[in-house]
Amino acid sequence: MRRYQILLPLLFNDGTPVPEHLSVGVIEALRSRFGAVSYETNVIRGHWVHEGQFFRDDLARIFVDVPDLPEHRAWFIEFKERLKRDFKQLDIWISTFPVEIL
């Protein structure tokens with residue numbers, strides 16, 4: 001099994017709030033595709049600099065555990081591009097790592 005974890009922005013890069021329907025759409029897309037999704041409701045804060053400009057992020061952690069298959073990896077690579085466009089982000093952080101389910 002492999003976990004895909006998305007740090008989903010709650011703010012656009014200009015600091016304005018992301019409409020809730022965008023976040024709900026991500027959760028529904030993952031649930032629809034993989035049958036389950038988990039997310040945390042606490043806010044993760046991030047600070048970063050890009051080309052000399054400071055950004056502050058408020059993020060939600062969303063994750064899904066799926067069979068470790070090449071087609072799932074390919075789907076997440078495409079999904080990331082959609083998220084970057086929909087959330088108007090320079091980048092979206094998606095990490096992945098193996099998990100062992102007991």
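All of the numbers you see were taken from the coordinates with simple rules; none came from a lab. Values in this document were obtained by computation on a predicted structure and should not be read as measured data. Counting neighbours? That spans all protein chains shown, and the Cβs are built from the backbone with ideal geometry, glycine included.
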Search result, residues across segment 55-77 that are farther than 12 Å from Thr96 by Cβ and β-branched (Val, Ile, Thr): Ile62
Taking only segment 1-37 into account, find how many residues are among the β-branched types (Val, Ile, Thr) and closer than 13 Å to Asp86 by Cα. 3
